[in-house]
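What follows is a short report on a single structure.
The values are calculated or read from the model by the stated rules, or taken from the named source; none is laboratory data. The model shown is predicted, which means the values in this text are computed figures rather than measured ones. Here the Cβ positions follow ideal geometry from the backbone for every residue, glycine too, while neighbour counts run over all protein chains shown. Surface accessibility is based on the protein's heavy atoms, side chains included, excluding ligands, DNA and RNA. Shrake-Rupley method; radii C 1.70, N 1.55, O 1.52, S 1.80 Å.
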Amino acid sequence: MRPSRRLLFPVLALLALCATPAFARVHIDGHIEPGEWKGALHITDFRQTQPLTGKPATWPTQAWVLATPRGLAVAFRCIQPPGVPRTEQHEQRDFEAQVDRVNVSIDFNGDGLTGYNFAVSSTGAVYDAVLTDENHFDPDWDGVWKHAVSQDAQGWTVEILIPWSIAPMHKAVDGKRTIGLYLDRVTAATGERDAWPYVSSQQPRFVSNFEHITVPAFNQSMLTVSPYVSSVYDNVHHRGKLKGGVNLFWKPNGQFQLTAALNPDFGEVESDDLVVNFSATETYFSDKRPFFTENQGIFNFGLETDNSALLYTRRVGGLSDDGEGPANIDAAVKLNGSVGATDYGMLAAQERGPAGRLFGAARVVHDFGDQRLGMLLTRVDHPWLDRTASVLGIDHRWQPTDNLTFTTHVVGSDILQRGVRTGGSGLTFQADDVMANGWRQQWVLVHFDDRLDVNDFGYLERNNLDDLYWAVKKRVTDLPADSFYSSHDWEWSLAASDNDDQHLRLSRQLSISRSSNLRNGGNENIELDINSAYWDDLLTRGHGALFLPPSLDFSYGYNTPRHGNWALNASVGSSSGGLSGNRELGWQASVEPTWFLSNAFNVQAGLNYTYTPDWLVWQHDALVGRFRQHMLELDAGFDWSIGDRQELRLKLQAIGLAATARDAWVVDARGRAVANDQPVADFGVRNLGVQLRYRYRLAPLSYLYIVYGRGGYLQSPQSRSSTDLLSRSLGLRQDEQLLVKFNYRFGL
């Protein structure tokens, strides 16, 4: 947006919103009645951001924004004439499908730290998420807000009401509040996204570039109590368990809120994706448990590597220190608030029994305008292990110009176990530079020493790392009108990694990728990675680093939204590796069609096949086995929306993995693989996860669940074909249970 407009618009917005009569009351019914939105901020200048051309929207969109005592009200009128196909299927909450929809994103403090996204599809499905680190969406959070949709021959209309109690906010000044606001509309048939203001979540800065408007300040208090009771019957061990507890949420004003739980319910109705992991690094899983998704954004503290976090809430209630299965939680409490331009948060959770851990975290962030400084302190006490782990992180973000952003993290760990103290440290630095004509570049520097340990409460795939990464990116949008593509995003990157203690080369990689939007609303992704020879210092779990030859990876992915009764995701790829390097190539292929029997019922069935000719699996000490791996994975299920309140979902995942032994190798003192005659046996893996879930919505965030789950994992010494193993995995029954759960949210 031109500078003059950016200066003028907040003034006009303030005049429009402050002119709202005191008796104004918007009725959220999906119909924009004459005079209902009188005094609202009226927005018509929607611009294309997907592709990122800045051109006027192909199909007109209008929006109205009105601050009311009940919340921020937003209405959309989306013109979509009969010649433009509309998506008609019903989706479950937090849908990921490419459907016609509108988005409202709000930064309630106007400081670019945390945003909240609210999306509504043309058929009334909703999606909400927390926005952190400018453009990271976390859909695990669920808020309570109102919406309504109506359709007619020329388009569709959405009305939304977002209560002021939905998030913590800074104290208002002189009865007014400055918020950041972003609106967009997506047309699924073409993939076009039209937004106001002209910014995109694909850019390094998103939340901090929202349009800042000043609205009258309204204050809402809230007190909710959510008791629950659940009954689980274990059909394998023939025993049942009855459990109950309560969650409490109290927000006396915008500057303070408290969340507490006694004998909390931590996620028995969600299922994780199946993973077969023989590597030396831990698998990361997101957290869908309500206590940890409610206003959790203040605790976000990443370290510029995949999924890194100083606060990884799956640790709470994870595997107990005594190895006797998942830990039970007695109580947990979390509070968020602000004092002036300073935001703070505190969290504590106590697990049950002599092996129970005590988790604690404290976070503070201060906004200085173009700079932001924060600190996160975590501590975990392990009585069973006689271990105390403390981690301190300091993060700084500086935006000296409109196009340049610097982000720095400094972290230190202090571990005391059985009287022995160990300290470690780390540093990350990232620079993003948005240049002219669609170009941008990014620099990332990472240093973790070999004693840094944040995994008592956090997640870090590995320490002992020095990493340098540089990428240059180019967005192409001026494609011919008859092109199959609407835009391309090219990226060229160079990465170099060494371990910190021995300075061994862990990677040297050249990567070339292109992500494209298609004019039919789909996406296409192509990537080629070329890797030099390198050392693998994790494979043998501390028994020596192994030197491996050069390798490469190529992948191609294609997906389309629903056309007629079908939608499709598909991918193919090829890769090399292991001791043979580029002399042997493996490959991967997957296809996942979705069949829409009706707008309310769809079935998915996907197959993924992977062949790895030179798969290295650690055996013991410095011994490594080399295998030919064939893995077949089935992902299937259905979604049935039974009216507005009921849904039935089936999720089935099954894996069959066949590993045929080729030979055995020992890593010698020089890091070279030496042939060895120790026996290495074939093996097979079967893995199954099935969940059939019925959910009835009684009221906002109040549900009755009936959930049937079954699964198992079995590794056998004799290998069969992956097809046979996949078929036999469907008979696994190491776990089988029926859960009935009832929770109700009372507003007091």
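Residues are listed down the side, and each one gets a yes or a no for (1) on the phi < 0 side of the Ramachandran plot; (2) modelled with pLDDT of 95 or more:
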{"residue": "Gly557", "(1), (2)": "yes, yes"}
{"residue": "Thr560", "(1), (2)": "yes, no"}
{"residue": "Trp566", "(1), (2)": "yes, no"}
{"residue": "Ser571", "(1), (2)": "yes, yes"}
{"residue": "Gly578", "(1), (2)": "no, yes"}
{"residue": "Gly586", "(1), (2)": "yes, yes"}
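Looking only at residues of the stretch 471-494 that are within 24 Å of the chain's Cα centre (by Cα) and of a type in the set (A, V, I, L, M, F, W, C), we find that the one that is farthest from Asn437 (Cα to Cα) is Ala471. Being over 23 Å from the mean Cα position of the chain (by Cα), crowded, with 18+ Cβ neighbours inside 10 Å and over 29 Å from Gly83 (Cβ atoms) is the requirement here; does Leu131 meet it? The answer is no for Leu131. If you go through the stretch 684-728 and keep only what is small (Gly, Ala, Ser) and part of a strand (DSSP E or B), you end up with Gly684, Gly689, Ala699, Ser702, Gly709, Gly711, Gly712, Ser716.
How many residues does the stretch 528-563 hold that are outside any strand (DSSP E or B) and either touching a residue at least 24 places away in the same chain (Cβ under 8 Å) or surrounded by 21 or more Cβ atoms within 10 Å (Cβ to Cβ) (or both)? Selection size over the stretch 528-563: 12. Candidates Ala605, Ala661, Ala681: the one that is open to solvent by 40 Å² or more (accessible area, probe 1.4 Å) and not in a loop (DSSP other than H, G, I, E, B) is Ala605. Residues of the stretch 216-223 include at least one that is of a type outside the set (Asp, Glu), under 29 Å from the mean Cα position of the chain (by Cα) and in a strand (DSSP E or B).
If only residues of the stretch 188-204 that are open to solvent by less than 30 Å² (accessible area, probe 1.4 Å) and in contact with a Pro (Cβ under 9 Å, 6 or more places away or on another chain) are counted, the one that is nearest to Thr114 (Cα to Cα) is Asp194. With respect to Gly656, is the statement that it is assigned to a strand (DSSP E or B), free of Cβ contacts under 8 Å to residues at least 60 places away in the same chain and either under 20 Å from Trp566 (Cα atoms) or not charged (D, E, K, R) (or both) true? No, not satisfied.
Set side by side, the residues Leu688, Leu730 differ, and just one is in contact (Cβ under 8 Å) with a residue 24 or more places away in the chain, over 30 Å from Phe249 (Cα atoms) and open to solvent by less than 70 Å² (accessible area, probe 1.4 Å), which is Leu688.
Remark: pairs (first residue in the stretch 61-88, within 21 Å of Ala189 (Cβ to Cβ); second residue surrounded by 22 or more Cβ atoms within 10 Å (Cβ to Cβ) and of a type in the set (Lys, Arg); Cβ separation under 7 Å; 6+ apart in sequence or on different chains) = Thr61/Arg185; Phe76/Arg185; Cys78/Arg185; Thr87/Arg562. Only residues that are assigned to a loop (DSSP other than H, G, I, E, B) and farther than 26 Å from Ala481 by Cα: list them for the stretch 38-92, please. If the condition is that a residue be assigned to a loop (DSSP other than H, G, I, E, B) and farther than 26 Å from Ala481 by Cα, then Lys38, Gly39, Ala40, Pro69, Arg70, Glu88, Gln89, His90, Glu91, Gln92 are the ones that fit. Criterion applied to Val207, Val149, Val126 was being open to solvent by less than 10 Å² (accessible area, probe 1.4 Å) and touching a strand residue (DSSP E or B) at 6+ places or on another chain (Cβ under 8 Å), and the one residue passing it is Val207.
Here Ile213 clears all of (1) among the aliphatic types (A, V, I, L, M); (2) touching a Gly at 6+ places or on another chain (Cβ under 9 Å); (3) closer than 30 Å to Ile706 by Cβ except the condition numbered (3). Looking only at residues in the stretch 80-101 that are more than 19 Å from the chain's Cα centre (by Cα) and basic (Lys, Arg), the one that is modelled with the highest pLDDT is Arg101. Among strands (runs of 3 or more DSSP E) entirely within the stretch 106-165, having at least 3 residues that are touching a residue at least 40 places away in the same chain (Cβ under 8 Å) and within 30 Å of Phe406 (Cα to Cα) singles out 115-121, 126-132, 136-138. Close contacts from the stretch 473-489, counting a first residue that is without any contact (Cβ under 8 Å) to a residue 40 or more places away in the chain and a second that is of a type in the set (Gly, Ala, Ser), with Cβ to Cβ under 6 Å and a gap of 6+ residues or different chains, come to Lys474/Gly438; Tyr485/Ser516; His488/Ser516.
Residues of the stretch 677-687 include none that is on the phi > 0 side of the Ramachandran plot and modelled with pLDDT of 95 or more.
Can you confirm whether Tyr228 is in a loop (DSSP other than H, G, I, E, B), in contact with a strand residue (DSSP E or B) (Cβ under 6 Å, 6 or more places away or on another chain) and touching a residue at least 12 places away in the same chain (Cβ under 8 Å)? No: the conditions fail for Tyr228.
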